[in-house]
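Shown next, in structure tokens, is the structure this report addresses.
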Amino acid sequence: MKTRNPAQWSRLDNAAKIFPANATLRDPKVFRFSCQLLEEVDGSLLQQALDRTLRDFPHYRCVLRRGLFWYFFESSSLPAVVEQEHLPLCSPLFLPEDRGLLFRVSWFRRRISVEVFHALADGTGALQFIRALVFYYLMLVHGQQLEIQPQLDYDASISQKQDDSFQKYYAGAQGGEKKAPVQKAYKIQGPRLSEYRLRTIEGVMSASQVVAEARRRGTSLTAFLGAVLIQAIHGEMSVLQQRRPVVLSIPVNLRNYFDSQSARNFFGLFLTGYSFQDGDGSLEDITATLTRDFREELTAERLAARMNELAALEHNFLTRAVPLVLKDVTLRYFGHRSESQMTAAFSNLGRISMPEPLGQYIDLFSICASTIKLQVCLATFGDRLTVNFTAPFVSTEIQKRFFRILSGLGIQVEISANRIDPEE
């Protein structure tokens, strides 16, 4: 009689724990990476590339299960099948009644897309997955024609990819600074698209042009474009609404501050914003405010303190003994509370590289995420900077104003609407 190997299981990392409790049909906590090639995608070869990629990322072959006290990942033999794109953007991947894999791979014309449930990985972790997928695909298509055989530069071991870096760097609960009272942020409102659908608007521009403009203002690309976003949002606010600040929630890749090659979650969040009651509202003043916040908050010491504070709750004995059904209620409360403190999410995945000479077959990379608010994601490949807006709203005035501000500064922008969702 043939015996089955017992399924392996693993804990969710600290950041991942909030996503199952807060995943809904309106916001399934799914994000999407896309790589647009300069040629049509061959679905059968993409399937071969996915099979090869999963040998490097075996922890992607898992489902999410409920335990008595925590959710946990369980290894699965479910097949990962590449499909031609047909679902709405960022459709749910975690449904409690349907145990499926927590990612999907699809293609549409020249585009390869990977969608991931956020409990499985963060943007940087999933970036390594799609880089490997595109690498193996392009090697299948063009590998025999290349004079120099390229190598993928992400050579972390399986254990390093599966590392829970929150556990590794947890230093115990420590006394911190007295917190400022929580202030509610300005909330973007308006009619929403039907059936929980999301609208995407993508702008592609020269990265070097934007960096030059940011440096001219003495700041970084992220702080500069964050300031442009806040000014664009300001155009939608009434005088009364300006009593509340416009606040951006910005994820921070902790691998830039702590030694980690984890392909799971390892990120922190910090809030930065601007009060139009306290400043003159000019792009210069908004930029100066964000630049100061970035400089003060993005230090290893501040990020470590915040990470320890969040992890301390997980390590508390009383918290660990609370049944999952009550933890879910608590995590939903904290999720809603966090949402009330932000106007929009703003994420920069930074510069994406691919081994030479495979870059000659790639047009750009882009990323977007599900949201109930406004989500803006940046990614750069070569000199192609993509700024992707995702929102559930009918109105696109903020997006239009954002790109008009950049155009007014002499930055050329190529704009495409609903580029990621072929059904729109």
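The values are calculated or read from the model by the stated rules, or taken from the named source; none is laboratory data. Everything quoted here is computed from the prediction, not taken from an experiment. Cβ placement follows ideal geometry from the backbone for every residue including glycine, while neighbour counts extend to all protein chains displayed. Just the protein is used for accessible areas: all its heavy atoms, side chains included, with ligands, DNA and RNA removed. Shrake-Rupley method; radii C 1.70, N 1.55, O 1.52, S 1.80 Å.
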>> Could you tell me how many of the residues in the range 37-48 are assigned to a helix (DSSP H, G or I) and within 22 Å of residue 381 (Cβ to Cβ)?
In response: 2
> What about residue 104, is it closer than 28 Å to residue 15 by Cα and in contact with an Asp or Glu (Cβ under 7 Å, 6 or more places away or on another chain)?
Replying inline: yes
> For residue 13, are the conditions met, namely being acidic (Asp, Glu) and either open to solvent by 10 Å² or more (accessible area, probe 1.4 Å) or closer than 17 Å to residue 132 by Cβ (or both)?
Replying inline: no
>> Being in a helix (DSSP H, G or I), in contact (Cβ under 8 Å) with a residue 12 or more places away in the chain and either in contact with a His (Cβ under 8 Å, 6 or more places away or on another chain) or surrounded by 14 or more Cβ atoms within 10 Å (Cβ to Cβ) (or both) is the requirement here; does residue 365 meet it?
In response: no
>> I'd like to check which strands (runs of 3 or more DSSP E) are fully inside the range 49-163 and have at least 3 residues that are under 14 Å from residue 30 (Cβ atoms) and open to solvent by less than 10 Å² (accessible area, probe 1.4 Å).
In response: 111-117
> Considering only residues of the range 173-194 that are loosely packed, with under 10 Cβ neighbours inside 10 Å and either among the hydrophobic types (A, V, I, L, M, F, W, C) or at pLDDT 65 or above (or both), which is farthest from residue 343 (Cα to Cα)?
Replying inline: 194
>> Regarding the range 391-409, can at least one residue be identified that is open to solvent by 30 Å² or more (accessible area, probe 1.4 Å), hydroxyl-bearing (Ser, Thr, Tyr) and under 20 Å from residue 213 (Cα atoms)?
In response: yes
> Looking at the range 368-379, which of the residues that are assigned to a strand (DSSP E or B) and open to solvent by less than 10 Å² (accessible area, probe 1.4 Å) is nearest to residue 29 (Cα to Cα)?
Replying inline: 368
> Considering only the range 201-242, how many residues are among the charged types (D, E, K, R) and free of Cβ contacts under 8 Å to residues at least 40 places away in the same chain?
Replying inline: 2
> Which one is surrounded by the most Cβ atoms within 10 Å (Cβ to Cβ) among residues in the range 273-300 that are modelled with pLDDT of 95 or more and of a type in the set (S, T, N, Q)?
Replying inline: 287
>> Please determine whether any residue of the range 324-333 is out of contact with any Phe, Trp or Tyr (no Cβ under 7 Å at 6 or more places or on another chain), modelled with pLDDT under 80 and surrounded by 15 or more Cβ atoms within 10 Å (Cβ to Cβ).
In response: yes
